[in-house]
1. Quick one: would you say I114 is in contact with a helix residue (DSSP H, G or I) (Cβ under 8 Å, 6 or more places away or on another chain), surrounded by 11 or more Cβ atoms within 10 Å (Cβ to Cβ) and either over 20 Å from G79 (Cα atoms) or modelled with pLDDT under 90 (or both)?
2. So if I check each of N60, N146, which one is out of contact with any Lys or Arg (no Cβ under 7 Å at 6 or more places or on another chain), under 30 Å from N162 (Cα atoms) and among the polar types (S, T, N, Q)?
3. Quick one: would you say G190 is touching a helix residue (DSSP H, G or I) at 6+ places or on another chain (Cβ under 6 Å), at pLDDT below 90 and surrounded by 14 or more Cβ atoms within 10 Å (Cβ to Cβ)?
4. What are the pairs, 6+ residues apart or on separate chains, where a residue within the stretch 134-155 that is assigned to a strand (DSSP E or B) has its Cβ under 8 Å from a residue that is of a type in the set (S, T, Y)?
Amino acid sequence: MTDETKKNGPDATVAENQIDEQQNGEAEAPKAEVDPLEALKAENAELRDRFLRLAAEMDNLRRRTERDVKDAKAYAVTGFARDMLAVSDNLRRALDAVTEEARASADAGLSALIEGVEMTERGMLSTLERHGVRKIEPQGQKFDPNFHQAMFEIPNLDVPNNTVVQVVQAGFTIGDRVLRPAMVGVAKGGQKAEAQPEANAASAAGKEA
């Protein structure tokens, strides 16, 4: 018994015992138990989220792989095809150098040579086409900088402005890409194709007025 207890008597002793019991009770109070079902739900949600993330990553990887394989197949011959176009150009120049008069007066040997060169050119273009290389046909089309390269302008009022009126060198595509743009001459001075609908609309409005 402490001196303080002796001074205060039995009531002080009872109060001290109650305080000790309260402190011991607080120290020994059990922690709140985690509900096993809630813990299982949380773990399941986390695993599900990780699974969905992994599935999405695998799907993206599969798509990228398929695209890379497709591109590799489609464009593997790009360099070779571009080199072969130079050979095709030489064949075309050789044929263009033969005039109609020379063809008409050619003997059997020259005629066979010309026919052989033409067959070689057709065979080469056909082979390139089987590998996805296709010739661009710009004649009479509106100039498109994605597929055509303008070399000069030709005054021509009979066709809309920027219409391809001459092909200097054929262009080619491989798949959905341009292997070589077509070198062309475009019309200058004609009415713009885009302006025609506006002109018609203005004319119609004038008549209604």
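1. Judged against the criteria, I114 is a match.
2. Values: N60 fails: under 30 Å from N162 (Cα atoms).
On inspection, the qualifying residue turns out to be N146.
3. For G190, the condition - touching a helix residue (DSSP H, G or I) at 6+ places or on another chain (Cβ under 6 Å), at pLDDT below 90 and surrounded by 14 or more Cβ atoms within 10 Å (Cβ to Cβ) - is not met.
4. Taking only residues 6 or more apart or on different chains, the pairs are R134/T173; I136/T173; K142/T163.
The values are calculated or read from the model by the stated rules, or taken from the named source; none is laboratory data. The model shown is predicted, which means the values in this text are computed figures rather than measured ones. Here the Cβ is made from the backbone with ideal geometry for all residues, glycine too, and neighbour counts use every protein chain on show.
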